[in-house]
1. Restricting to the stretch B:88-117, give me the number of residues that are outside any helix (DSSP H, G or I), farther than 12 Å from B:Glu3 by Cα and modelled with pLDDT of 95 or more.
2. Of A:Leu133, A:Leu166, which residue is farther than 18 Å from A:Asn186 by Cβ, open to solvent by less than 10 Å² (accessible area, probe 1.4 Å) and within 14 Å of another protein chain (Cβ to nearest Cβ)?
3. What single numbered condition from (1) closer than 24 Å to A:Leu43 by Cβ; (2) in contact (Cβ under 8 Å) with a residue 12 or more places away in the chain; (3) more than 10 Å from chain A (Cβ to nearest Cβ) fails to hold for B:Glu101?
4. Please return the ranges of helices (runs of 4 or more DSSP H) entirely within the stretch A:203-298 where 3 or more residues are surrounded by fewer than 17 Cβ atoms within 10 Å (Cβ to Cβ).
5. When A:Leu54 is evaluated against the numbered criteria (1) within 13 Å of chain B (Cβ to nearest Cβ); (2) open to solvent by less than 30 Å² (accessible area, probe 1.4 Å); (3) in a helix (DSSP H, G or I), which criterion, by number, is the only one it fails?
6. Conditions: (1) in a helix (DSSP H, G or I); (2) at pLDDT below 95; (3) of a type in the set (S, T, N, Q). A:Gln87 meets all but one. Number of the miss?
7. Mind checking which residues of the stretch A:66-83 are surrounded by 18 or more Cβ atoms within 10 Å (Cβ to Cβ) and either within 13 Å of chain B (Cβ to nearest Cβ) or not in a helix (DSSP H, G or I) (or both)?
8. Scanning for something more than 18 Å from A:Asp32 (Cβ to Cβ), within 14 Å of another protein chain (Cβ to nearest Cβ), part of a helix (DSSP H, G or I) and not small (Gly, Ala, Ser), does the stretch A:146-155 turn up at least one residue?
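The values are calculated or read from the model by the stated rules, or taken from the named source; none is laboratory data. These numbers come from a predicted model, not from an experiment. FYI the Cβ positions are ideal-geometry reconstructions off the backbone, even for glycines, and counts take in every protein chain you see. The area values use the complete protein model at the heavy-atom level, side chains included, leaving out ligands, DNA and RNA. Shrake-Rupley method; radii C 1.70, N 1.55, O 1.52, S 1.80 Å.
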Amino acid sequence: MDQQELIPHLFREEFRKIIAVISKRLGFDHIDVAEDIASETFLSALEIWPYKGLPENPVAWLYTVAKNKAKNKIARDLLFLQKIAPQIKYTAPQNEEIEIDLSYKNITDSQLQMLFALCHPSIPPEGQIGLSLRILCGFGIDEIANAFLTNKETINKRLSRAKEKLRTEKVQIEFPIASEINSRLNNVLTTLYLLFSEGYYSEIKDCTLREGLCMEAIRLTHLLIENDQTNLPEVNALLSLMYFHSSRFPARKNDHGEIILYQDQDESLWDRELISKGAYYLHRSSRGNNVSKYHFEAGIAYWHTIKNDTKEKWENILQLYNHLLKIEYSSITALNRIYALARTIGKEEAIVEAEQLKLEDNHFYFALLGELYFDIDKRKAKENFLKAHLLARTQPDKKSIQKKIDMC
Amino acid sequence: MEEYALIMRHEDGLKVASPEQIQTWMKQTMDWINSISAQNKFVGGTGLPFADAKVVWHNKVVTNGPFGDIKETIGGFIMVKAGSVEEAVELAKGCPVLQGEGNSVEVRKIAKGDGIH
């Protein structure tokens, strides 16, 4: 018996390639068929390989089986149209050779086109992320449900609604026309950004899954980088930002799987290789005149890879937050800016600005105020930490705020 | 030495398995079979695809699988050499399909053509 081992995650990787190519061939009307064909292909392998040994070239074996299954399906549909439903005029040539093109180029193109199709503006963001995880990342329904901290039924409903939308909107699996690339790309980048954030900020305990989501977001962003038409400055900026953040994965959790805050992390654990990749793509993003929010976020992430708290560091971060807020306001960005303000100008000034924000349903707001008051007025600090504790939703958050309350 | 068939009963993986899950099953099944062949007790075996499965009934009516109300049906078998049914049962206990609730492995002696059995 052959002792050769399978490459880890081989099936997940081949699943998404097979499904992209077959869906492109059959269209979104048959996306469920494409999913079944891909899954059946791996089950066929499971029915044979353990008993007979691995084939010499497992990937080629999988492609042959997938092709045959797809051809049979198409042939059966043709037969149905010709024999059982002759009243339906079928215009395709009768003896057309059915070709399923699993070449490297077609696989790459199909995945990129699929990325644009799934991030179609008519699909709600959670549907886009869910479908991307299923079709472009090869995740199972269980795995997606775990990632979203929900159950299989919810995910199944979410995915079938999104698929229905793709059909009714007649979304094509194709590259957008030149005049539409920019607007469609924005949507794609938002989805990739959300997918990354889902992994980076998720409350799920499973670190492998969390980091897996981030790595998938990076992989999909690389699809855009590899294509000349989408290798644009903002795409490089987004990729840079993802690499900078990912570099802190090894330092972010303690032995109990609890999150270690940035200022308490052991910087010797930060992944230097990922930081230099971040720097590489940040450099590549500084072309042209278009500055996106990803540029500013990548800049902020870059300064965070330097642990030493210099005046220069925080002044740069403050400026970048100022720019970012002008492009896209969010309460989290506003709060982060206040923190940078406290590190540069001083806590008193930061408190004055913070209290103008009045984000009174946000536990980060009160936690930040507590932090700012800590050295100035312990009573007020405690007051704010107590409010933050009341609003915090997760146990780890409550626990870390409780520690602060005890210190007041 | 006798030969025994270890017949695996489980659910159709198509509706339940992710690619990653199938790969895990693949690895576990290969490990199981490799450990049996390492003891020189593996004779052979095969998976039985669920796709296009049919059942022919006594009145020659043909139905599609799955097979009535049971979700778990024969998905494959291996043949092993063992000194006793107990030994064959021990080998069966390592079968990865047993991780699934409701799944089972049936252990059956293979009849010899020696006129005694």
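1. 5
2. Selected residue: A:Leu133, the only one of A:Leu133, A:Leu166 that is farther than 18 Å from A:Asn186 by Cβ, open to solvent by less than 10 Å² (accessible area, probe 1.4 Å) and within 14 Å of another protein chain (Cβ to nearest Cβ).
3. (2)
4. Answer list for the stretch A:203-298: A:207-226, A:272-285.
5. (3)
6. All conditions are met except number (1).
7. Within the stretch A:66-83, A:Ala66, A:Lys69, A:Lys73 meet the criteria.
8. yes
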